[in-house]
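J.: Encoded as structure tokens, here's the structure I'll be asking about.
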Amino acid sequence: MNIELIDENFPVWKITDWQVPDIDYTESHTYDQSSKYYTSSDLRHTVNTSIDMSQGINIQEMLKDSDLLVLDQMWKGHLNRLKWPKGSTNILLDKPGFKMGDHIDNRYVIGVLIINLKDNPIGSGTYFTELNYGGPTKKGTGLFFLNHDNTKHNIVQPGPEDRLIAYQTLTLDDLHYD
């Protein structure tokens with residue numbers, strides 16, 4: 001796996017060469033986003049399978065070793081307490097027409113990892129408004145980003161095929177004192 005910072009002023013990294021298993025995503029059901037409602041929320045499904053996301057430990061180490069000013073401004077060294085979560089991975093299937101408008105994730109979310117599990121439709125990657133950057137869509141690529149006021153993002157899934165991603169959040173619960 002490779003991790004490449006997109007811009008030193010934005011905590012957004014492009015992920016390449018993630019080892020992706022071939023999975024069956026035919027059994028899916030509508031994703032429960034009971035705290036949110038989007039006009040196209042019925043087009044987001046969750047897949048009844050799980051995958052190992054432990055490769056993310058490399059992201060944990062990268063964050064601990066980083067001397068980026070934006071990380072110091074955000075966390076003042078507290079990312080050294082981050083322990084990569086063993087669970088909380090969702091497999092999401094977005095049907096053509098799914099849209100999620102510009103937003104910043106809630107304050108409980110530290111960061112998000114999104115990995116493409118297949119070659120997804122061009123233009124369906126997460127788009128960062130202030131960075132003017134759209135995430136990759138090829139299988140085994142993706143994004144990691146920290147929740148920050150300059151990582152406002154959106155999703156527009158133009159189709160014609162489904163978009164299939166692994167989606168893992170890092171939360172405040174993943175900061176530990178040992």
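Every number here is computed from the coordinates shown, using simple stated rules; none is lab data. This structure is a prediction, so every number in the text was calculated from the model and none was measured. Cβ sites come from the backbone with ideal geometry, for glycine too, and all protein chains shown count toward neighbours.
J.: Compute the semi-axes of the equivalent ellipsoid of the range 73-178, taking the square root of 5 times each eigenvalue of the Cα gyration tensor, and list them largest first in whole Å.
T.: The three semi-axes for the range 73-178 are 26, 16, 11 Å.
J.: Using a Gaussian network for the chain with springs between C-alpha atoms less than 10 Å apart, which of these wobbles most: 86, 139, 99?
T.: Greatest mean-square fluctuation among the candidates belongs to 86.
J.: Please list the three semi-axes, largest first and in whole Å, of the ellipsoid equivalent to the chain, using sqrt of 5 times the eigenvalues of its alpha carbon gyration tensor.
T.: 25, 18, 16
J.: Next up: Identify all lysines with a Cα-Cα distance to residue 99 below 24 Å; exclude those on the same chain that are fewer than 8 residues away in sequence.
T.: List returned: 14, 36, 118, 138, 139, 152.
J.: Can you find, among 41, 19, 66, the residue sitting farthest towards the positive end of the charge dipole of the chain, where Lys and Arg contribute +1 and Asp and Glu -1 at Cβ?
T.: Positive-end residue among those listed: 41.
J.: For the range 119-178, what class follows from the C-alpha gyration tensor (a ≥ b ≥ c being the square roots of its eigenvalues): rounded when a/c is under 1.5, otherwise prolate if a/b is larger than b/c, else oblate?
T.: Taking the square roots of the gyration eigenvalues as a ≥ b ≥ c, the range 119-178 is oblate.
J.: Who wins for biggest fluctuation among 92, 63, 82 in a Gaussian network model of the chain, springs between alpha carbons below 10 Å?
T.: 63
J.: Taking the Cα centre of the range 103-178 as the origin, how large is its charge dipole in debye, to the nearest 20, when only Lys and Arg (+1) and Asp and Glu (-1) carry charge on their Cβ atoms?
T.: Charge dipole, the range 103-178, about its Cα centre: 280 debye, nearest 20.
J.: Using unit Cβ charges (K, R positive; D, E negative) and no other charged atoms, how large, in debye to the nearest 20, is the dipole of the chain about its Cα centre?
T.: The dipole magnitude comes to about 260 debye.
J.: Sorted by average packing, counted as other Cβ atoms within 10 angstrom per residue and highest first, what order do 64-71, 113-120 take?
T.: Answer by packing, highest mean first, reads 113-120, 64-71.
J.: Can you tell me which of 24, 52, 102 moves the most in a GNM of the chain? Springs connect C-alpha atoms under 10 Å apart.
T.: Judging by the Gaussian network model, the answer is 24.
J.: Quick one: length gained pulling residue 76 to residue 152 fully straight, 0.36 nm per residue minus the C-alpha distance?
T.: Taking residue 76 through residue 152 to full extension adds about 25.2 nm, to one decimal.
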